[in-house]
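Structure first, then comments.
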Amino acid sequence: MTSPATPAPEQTAPGGVECPVCGGRFAAFESTGGREAAICPGCSSRERHRALWLLLQERLEMLQRARSLLHFAPEAFLQQRFERLPGLRYITADIDPGRGDLPLDLMDLKLPDACFEAVLCSHVLEHVPDDRLAMRELHRILRPGGWAIVMVPLDVWRAETHEDPTITDPQDRLREFGQEDHVRLYGNDIGDRLRDAGFEVDEVAISESVGPERARTHGLLRSDHVFVCNKEPA
């Protein structure tokens with residue numbers, strides 16, 4: 001399996017930025033929602049997407065050994081790149097019918113055990129009422145030796161995840177969890193939650209692993225950690 005294709009980039013101006021998802025080089029990323037340098041002008045990727053793609057580029061063997069990938073809540077610019085990979089059975093899913101190949105509820109996946117070799121679940125679990133059940137479902141549908149990549153909005157200064165099921169008002173959720181449709185704000189215990197579901201977890205702080213200059217060039221956030229979750233081989 002070859003590396004995900006990207007268009008040939010233009011020359012980066014001194015002090016400019018580069019998007020690892022589309023290969024574009026620009027004077028700066030665009031701002032949104034009070035965050036500066038957030039959105040790629042070429043493909044609309046945000047910080048978390050660029051962090052994810054950098055990890056996949058550094059660990060190409062993960063994609064090379066995966067013959068099937070289930071992608072929850074797929075972003076169009078990532079979907080296009082996964083669809084180009086030869087030999088990969090790529091399936092998208094979303095709880096809303098019509099937004100993916102399969103309408104799936106993460107807490108009750110209507111799928112057989114061990115039916116996928118890889119799963120991508122980025123910025124979805126913070127919307128799910130019972131995330132521990134969802135994590136167990138992800139573990140169940142993975143084949144032994146398979147992997148799942150999980151990303152969530154993460155408060156790196158918080159030891160324990162903040163959640164309260166009695167908070168239902170959108171404005172209260174915005175204040176407590178950072179977004180009107182979020183039901184929790186994850187802290188550093190998310191790795192333990194994933195381990196409780198049966199995974200071996202490798203937490204990767206991408207902005208630290210690539211160094212400060214590349215983190216600036218690619219517009220990364222310190223809080224965008226990638227959780228590589230492996231299911232023990234049979």
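Nothing in this text is a laboratory measurement; each read-out follows from the coordinates by a stated rule. Everything quoted here is computed from the prediction, not taken from an experiment. Cβ: placed from backbone, ideal geometry, glycine included. Neighbour counts: every protein chain shown.
Among LEU174, LEU54, LEU88, the residue with the largest mean-square fluctuation in a Gaussian network model of the chain, with springs joining Cα atoms closer than 10 Å, is LEU174.
Per-residue ellipticity at 222 nm from helix content only, as computed over the chain with -39500 (n - 2.57) for each DSSP H run of at least four residues, stands at -7000 deg cm²/dmol.
When only the Cβ of Lys, Arg, Asp and Glu is charged (+1, +1, -1, -1), the dipole of segment 17-230 relative to its Cα centre reaches about 900 debye. With a cut-off of 18 Å on the backbone N, the residues of segment 118-146 near the modelled label site 7 Å out from GLU83 along Cα-Cβ are 120. Label separation (ARG140 vs VAL156): 3.5 nm, computed from points 7 Å beyond Cα along the C-beta direction.
What FRET efficiency comes out for MET107 versus ARG214 if R0 is 45 angstrom and r is the Cβ-Cβ distance? Round to the nearest 0.05.
Details: r = 37 Å, r/R0 = 0.83.
The value I calculate is 0.75.
Taking all Cα-Cα distances within the chain, those exceeding 27 Å account for 34%.
Shown for the chain: cysteine residues without a partner Cβ closer than 4.7 Å, namely CYS115, CYS121, CYS229. Between GLU61 and ASP164, the modelled labels are 4.6 nm apart [label points 7 Å from Cα along Cα→Cβ].
Looking at the chain only, what percent of DSSP beta bridges run antiparallel? Nearest 5 please. Intermediate values should be presented prior to the final figure.
Working: 17 of 35 bridges.
If I count the DSSP bridges inside the chain, around 50 percent turn out antiparallel.
Computed from the C-beta positions of CYS115 and GLU36, the FRET efficiency with R₀ = 30 Å rounds to 0.10.
Rounded to the nearest 0.05, what FRET efficiency do ALA76 and ASP130 give with R0 = 35 Å and r taken as the Cβ-Cβ distance? Could you check?
0.75
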